[in-house]
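Below you'll find the structure, written out as C-alpha cells, and then a few comments.
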Amino acid sequence: MTIGYLALGSNLGDRMSYLTQAVTYLSETEGISVLGKSKIYETEPYGDVPQDNYLNAVVKIETSIEPIKLLDITQGIEAKLGRERLIRWGPRTIDIDLILLGDKHVNTERLTIPHIEIKKRSFVLIPLKDVYEEDTLFGQTLENLINQTGNKEEVWETTESW
C-alpha cells in the first residue's frame, strides 16, 4: 500500500458538492482508502483564463493501485462529474490531480509524479499542509515552499466544511 495525495478543485456549479462527490467516488473505489481531507480553501484561478474562483482541497489516500491506473480512475470520476477539457487551465466542475504517490517518480506523456507544478501552487501546498505528515517535501518545509510560490495571498480558508 502506498500513501498518496490528490489535489481537488472546482469552480463551476455547486463547487462544494463536486468536491464531496469526488471524495465519495474515491472512497468507494476498490484499492483506495481516503485517510484524510484538508480544510476547504477558496483560490483565485491559475493562469490567464478569466473565470470564477475555485474551491480547493487535498485528500490523503492509501492505495494499492499503480499510478497510470489511478490516473484513469480519477479521470473517470472527473468525467462522471461532467468535467470537460476544453481550455487549458479553464473552468471545470472538478479537477483531480495526483500530486504525490509515496516515493514513486513517474514521467510520462500522461502523468508526472510528483506533480510538475506543485512547487508553484499555493492552492495545492496550503491544503497539502493540512494532511501531510512529513516534516519536509523536496528537502524543505511546506511553509518555506509556500512562501516561495509568491501567490499564497491568492488562497484563503473558507467556512465550507466536509
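The values are calculated or read from the model by the stated rules, or taken from the named source; none is laboratory data. Since this is a predicted model, take the numbers as computed values, not measurements. Cβ: placed from backbone, ideal geometry, glycine included. Neighbour counts: every protein chain shown. We work out accessible area using only protein heavy atoms, side chains counted, and drop any ligands, DNA or RNA first. Shrake-Rupley method; radii C 1.70, N 1.55, O 1.52, S 1.80 Å.
Considering only protein heavy atoms, what per residue accessible area in square angstrom results for region 43-162 with a 1.4 angstrom probe? It would help to have the intermediate numbers written out before the result.
Values: 6560 Å² over 120 residues.
Ligands and nucleic acids excluded, the result is 55 Å² per residue.
Give, in nm to one decimal, the length gained when the segment between Ser17 and Phe138 is fully stretched (0.36 nm per residue of separation minus the Cα-Cα distance).
Details: separation 121, 0.36 × 121 = 43.56 nm, distance 3.28 nm.
Working it through step by step, the gained length comes to 40.3 nm.
Pairs of alpha-carbon atoms within less than 8 angstrom and 6+ residues apart define the contacts here; what relative contact order does region 23-162 have, in percent?
Taking the mean separation of contacting Cα pairs over the length of region 23-162, I get 28 percent.
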Using a 1.4 Å probe, how large is the accessible area of Met1, given in Å² and rounded to the nearest 10?
140 Å²
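Go ahead and estimate [θ] at 222 nm for the chain from helices alone: -39,500 (n - 2.57) per DSSP H run with n ≥ 4, summed, over the residue count, rounded to 500.
Details: 4 runs with 45 residues, N = 162.
The helix-only estimate for the chain comes to -8500 deg cm²/dmol at 222 nm.
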With N residues in region 69-162, Rg(alpha-carbon) / (2.2 N^0.38 Å) equals 1.17
The chain, Kirkwood Rh and Cα Rg, ratio Rg/Rh at 0.92
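Using only alpha carbon pairs under 8 Å that are at least six residues apart, calculate the relative contact order of region 1-91 and give it in whole percent.
39 percent
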Compute the signed sum of charges (Lys and Arg +1, Asp and Glu -1) over the other residues within less than 14 Å, Cβ to Cβ, of Asp52.
-3
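Write out the trypsin sites (Lys or Arg not before Pro) in region 6-98 meeting two conditions: DSSP loop, and at most 11 other Cβ atoms within 10 Å of their Cβ. If you can, show how the numbers build up before the last one.
Details: sites: Arg15, Lys37, Lys39, Lys60, Lys69, Lys80, Arg83, Arg85, Arg88, Arg92; in loops: Lys39, Arg83, Arg85, Arg88, Arg92.
Those that pass, being in a loop and sparsely packed, are Arg85, Arg88.
What number do you get for region 1-69 when its Cα radius of gyration is normalised by 2.2 N^0.38 Å, N = residues?
Values: Rg = 13.3 Å, N = 69, 2.2 N^0.38 = 11.0 Å.
Taking N as the residue count of region 1-69, the ratio is 1.21.
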Leaving out ligands, DNA and RNA, what percent of the accessible area of region 41-133 is carbon and sulfur, probe 1.4 Å?
47 percent
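Under the √(5λ) rule applied to the eigenvalues of the Cα gyration tensor, what semi-axes describe the equivalent ellipsoid of region 30-81? Give them in Å, descending. It would help to have the intermediate numbers written out before the result.
Details: eigenvalues 130, 48, 16 Å².
The three semi-axes for region 30-81 are 25, 16, 9 Å.
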Arg110-Ser27 pseudo-label distance in nm [points 7 Å out on the Cα-to-Cβ vector]
2.8 nm
Taking 48-54, 126-132 and ranking on average Cβ neighbours within 10 Å, highest first, one gets 126-132, 48-54
Between their Cα atoms, which of Lys60/Lys152; Lys80/Lys129; Lys37/Lys80; Lys37/Lys119 are more than 26 Å away from each other?
Lys80/Lys129
